[in-house]
Amino acid sequence: MRTIAGLWRWRGNPLCRTTDRVEGWLALAAVLLMTVGTPAVALWGTRTAHETLMGVVREQQRQRHQVWATVAQSTPPVAEGSDVDSGHLVNATWTAVDGRTHSGTVAADRPTEPGDRLRVWVDARGELSARPLDAAAVSSHAALAGVGTAVAAAGLVETARRLLMRRLMARRYTRWAQEWARVGPDGGRAGQSN
């Protein structure tokens, strides 16, 4: 903010270099882009992610179905820290939407006995699959995508500003070295008497 305020103070100063003015305008542009552009990019990222994920949800709901599975045999409880979310694996059989019977190992959320019934999600071929995404998961993923997009946009603006500042500083130092070489190490007082 001091740089922006400095723009007004330095505007008529003869010691203000062109690079100083460019630096001030660059800071102002970066602040404006971050305050106005970042929320717009976040909104765009959120909407895009939400629409994309809702398409995935519709596709998953079209392809996946919940069916009843009958427990054939229970297995010992699963140890903690394994990849299985629940505590028990059971061998079960189920009938897919197309009428074919399938069998496999199913994760149960409670202890079961042979003959118990569980709800499982299957795909169009009758193979076990994960439950489809729901609207709450889509909303949270879309919000995270929007935040990520906003952070990336702000980072991009700041990176561009820093790269331009590096070029400005290099130009400033080059001109400074040229001026110093022209004036010389004695400050331009060679041959003058004190």
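The values are calculated or read from the model by the stated rules, or taken from the named source; none is laboratory data. Keep in mind that this is a model prediction, so the values were computed, not measured. Backbone-built Cβ (ideal geometry, glycine too); neighbour counts: all protein chains shown. For the accessible areas, the whole protein counts, side chains as well, though only heavy atoms, and no ligand, DNA or RNA atoms are used. Shrake-Rupley method; radii C 1.70, N 1.55, O 1.52, S 1.80 Å.
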Original post:
Where residues in the stretch 125-138 are open to solvent by less than 60 Å² (accessible area, probe 1.4 Å) and either without any contact (Cβ under 8 Å) to a residue 24 or more places away in the chain or under 22 Å from the mean Cα position of the chain (by Cα) (or both), which of them is nearest to residue 45 (Cα to Cα)?
Top reply: 138
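What are the residues in the stretch 105-123 that are closer than 10 Å to residue 69 by Cα, assigned to a strand (DSSP E or B) and open to solvent by less than 70 Å² (accessible area, probe 1.4 Å), if any? It would help to see each step written out before you state the result.
Our first condition is that a residue be closer than 10 Å to residue 69 by Cα; within the stretch 105-123, this holds for 106, 115-121.
Subset that is assigned to a strand (DSSP E or B): 106, 117-121.
Hits for the stretch 105-123 are 106, 118, 120, 121.
For the stretch 7-25, give me each residue that is modelled with pLDDT of 75 or more and assigned to a loop (DSSP other than H, G, I, E, B).
So the first thing to find is which residues in the stretch 7-25 are modelled with pLDDT of 75 or more, and the list is 17-25.
Scanning the stretch 7-25 gives a single hit, 17.
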Original post:
Among the residues of the stretch 71-82, is any modelled with pLDDT under 80 and surrounded by 15 or more Cβ atoms within 10 Å (Cβ to Cβ)?
Top reply: yes
